[in-house]
1. For the stretch 379-484, which trypsin sites (Lys or Arg not before Pro) are in a loop by DSSP, counting at most 10 other Cβ atoms within 10 Å?
2. A 25 angstrom limit on the alpha carbon distance is what I want to check against. Which of LYS165/LYS301; LYS445/LYS481; LYS163/LYS241; LYS346/LYS402; LYS415/LYS481; LYS445/LYS547 exceed it?
3. Rounded, prolate or oblate: which fits the stretch 372-525, taking a ≥ b ≥ c as square roots of the Cα gyration tensor eigenvalues, rounded meaning a/c under 1.5, else prolate when a/b beats b/c?
4. Can you send over the carbon and sulfur percentage of the accessible area for the stretch 174-326, probe radius 1.4 Å, protein chains only?
5. Any idea what diffusion coefficient the stretch 364-419 gets from Stokes-Einstein, in µm²/s, Kirkwood Rh on alpha carbon pairs, 4 °C, 1.567 mPa s?
6. Could you provide, to the nearest whole Å², the per residue accessible area of the stretch 461-591 with probe 1.4 Å?
7. Please give the direction-averaged projected area of the C-alpha convex hull for the stretch 290-330, in square nanometres with one decimal.
8. Would you mind pulling out the separation of the Cα centroids of the stretch 369-432 and the stretch 224-241, in Å?
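The values are calculated or read from the model by the stated rules, or taken from the named source; none is laboratory data. Quantities reported herein were computed from a predicted structural model and do not represent experimental measurements. Here Cβ is always computed from backbone atoms with ideal geometry, including for glycine, and neighbour counts include all displayed protein chains. In case anyone asks, the SASA skips ligands and DNA or RNA and just uses the protein heavy atoms, side chains included. Shrake-Rupley method; radii C 1.70, N 1.55, O 1.52, S 1.80 Å.
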Amino acid sequence: MFFCCFNIFIFEGWDRMFTLLIVIIVVVGACYLGFVFYQRRTIKMATSVYESKKDLNKIPLDDEFALAKKMNLTGESKKKYGQLHNKYQHYRNQILPSIDELIKTVKEDGKGINFIKTRNDWRTANQTIQDADAALKEIQAGLAQLYDLNKQHQLAVSELEKKYKQLREDILNQNASFGPSIDGLEKMLANIEGTFDEFTKLTKSGDPSSADEVLTDLNTATGKLEDYMKRIPKLFLSLDKEFNEQLDEIQTGYTELRSKGYNFPNDNFETSVNNIRDQIRHNLDSLAKLKVEDVSAVNAKIEDAIDQLYSAIDKELKARPSVEKNTSIIGEYVDHVRRQNEDLTKRLQVLNESYVLNHQEIEDNHQFDRQITGLEREFDRETKSIDEGKAVYSEINHTQQKMLSSLKELENSQKELFDSIIDLPEKERDAQNALSKFDLEMRNKKRRIDNQNLPGLSDSYQNNFAAVIREINHLDEDLGKAHVNIDDVSKQVIIIQSDMDTLEDQTTKMLDDANLAEQTIQYANRYISSNPEIASASVKAQNYFEKQYDYSKSLSTISEALENQSSGIFSKIKNDYFNAQKPKQASDTDSKDEDQ
């Protein structure tokens, strides 16, 4: 038993050792493979750095320095060449050897296992190569700039020679168009040509950097000269010819218009023309001094001043025909509103004897008269100034436009006033007709009530009837006055008509209730002996009817009792009654129309 257990223990120990041995072998193998991979990667990294370093040698700076040296540079250009050459020597003597050392370090690092140092050395090598590449490109660009500047300047010398020759020919050929500025332009061109000689010397001596600064000033001065040569002829033409011709035309036109009776507000034409001529002379002096911007600004002011003079003349020329046309129109218009106002005055005087004028009609008429008088005075003053040759037509034209507007408003106001009074007699006739109609309707109403033979009328109805009678009598009194207030009478007619309509409704209902109450009481008599409730209701209904004259209460009392006895009985009585009333109402309407 013990032996068996011992053997089992031995076998389990051997299994564990064997497993551990296998794990160790796997780990060692993996480490070996990783190290081999790392070495190969390091070799690849070192190779990539070396290839990048080879690309630096592709830039042919030696040839470019040799080409630049043949340009025989001087001055600033030679100084710049020296700076570029020093940078190149620093690259060759220091940067390239340091790159070789870094590549060598990366290769040696690959033999060890310091992964972090190898990675850092590789990055340093790459960054150094990038910096070297940037430095080489900067040097190359500097050399190219020197070469290009020299080439551009040589081309510029040829082109500028042609341009200045052409400019001098243009100044000579267009001498007259430049006026007093010709001397200044020639001096300006001479100064530019002196600067050009300096530029030519610097270009030929091999100093393109200094020549480039001179070329900038030269181009600015040349551009300014070309701009002056382009602008001055037009400025001079305006000052020498156009402005003076326009002023002569203005003076001639002004003199002619004055001889024909034209006048101008705040007339200062002579002073204005003389001031403009002075401005022209002073501006010619400025042009001689090549103050082109100032000359251009003053010319614009002169143009504006001349335009204003033209505008003043044109304004008077256009105003006169309008004034001559409107003068006759306004004269007739003023006479028209005067006659119309006089007619209004007469009508108001007549109407004022018979009617109350309570809308300031008389005051408005007087105000119209004052306005017309003011317009007549203004019109007379303007007509007099025209006859005396003192008229400023533009001002009169402005005044006449306002007068025409005022006359139109005045005429409309007169029409409104006329419309408000012309129908006063008609309104009085309408009120009289309404009064007659009211009187007739009240008589017919009383006849209808009398024909009903009612035992009496309620106090409320009699009061309403009496109130309408009083209103009609009051209207009759107001219409009989010496001065009728049409506004008040018209309001009374409206009120009376409303009250008449109300009274008519009350009368119709009272008569219908009375007739229905009588018929219903008579019908209920057949149930008195057999139905105590109807007997009691009949007594009450007769009391309301004969003693209190409350026909509505009488009807409601007996109709409710009868309905309680037999539903629908009162509805039949009521329908039969109103159906019988229809032919009668139509006959009454025809009779009423005949009476009217």
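1. On the way: sites: ARG381, LYS384, LYS390, LYS402, LYS408, LYS415, LYS427, ARG429, LYS437, ARG443, LYS445, LYS446, ARG447, ARG448, ARG470, LYS481; in loops: LYS390, LYS481.
Taking the stretch 379-484 and a limit of 10 other Cβ atoms within 10 Å, the loop trypsin sites (Lys or Arg not before Pro) found are LYS390.
2. Working: LYS165/LYS301 36 Å; LYS445/LYS481 28 Å; LYS163/LYS241 31 Å; LYS346/LYS402 29 Å; LYS415/LYS481 28 Å; LYS445/LYS547 23 Å.
In this structure, LYS165/LYS301; LYS445/LYS481; LYS163/LYS241; LYS346/LYS402; LYS415/LYS481 exceed 25 Å between Cα atoms.
3. Values: a/c = 7.10, a/b = 4.61, b/c = 1.54.
It comes out prolate by the Cα gyration axes.
4. Details: 3900 of 8240 Å².
Accessible surface attributable to carbon and sulfur in the stretch 174-326 totals 47 percent.
5. Details: Rh = 12.3 Å.
Roughly 105 µm²/s, to the nearest whole number.
6. Details: 7360 Å² over 131 residues.
On a per-residue basis, the stretch 461-591 sits at 56 Å².
7. Values: hull surface 12.0 nm².
One quarter of the hull surface, i.e. the mean projection, equals 3.0 nm².
8. With the stretch 369-432 and the stretch 224-241 each reduced to a Cα centre, they are spaced 59 Å.
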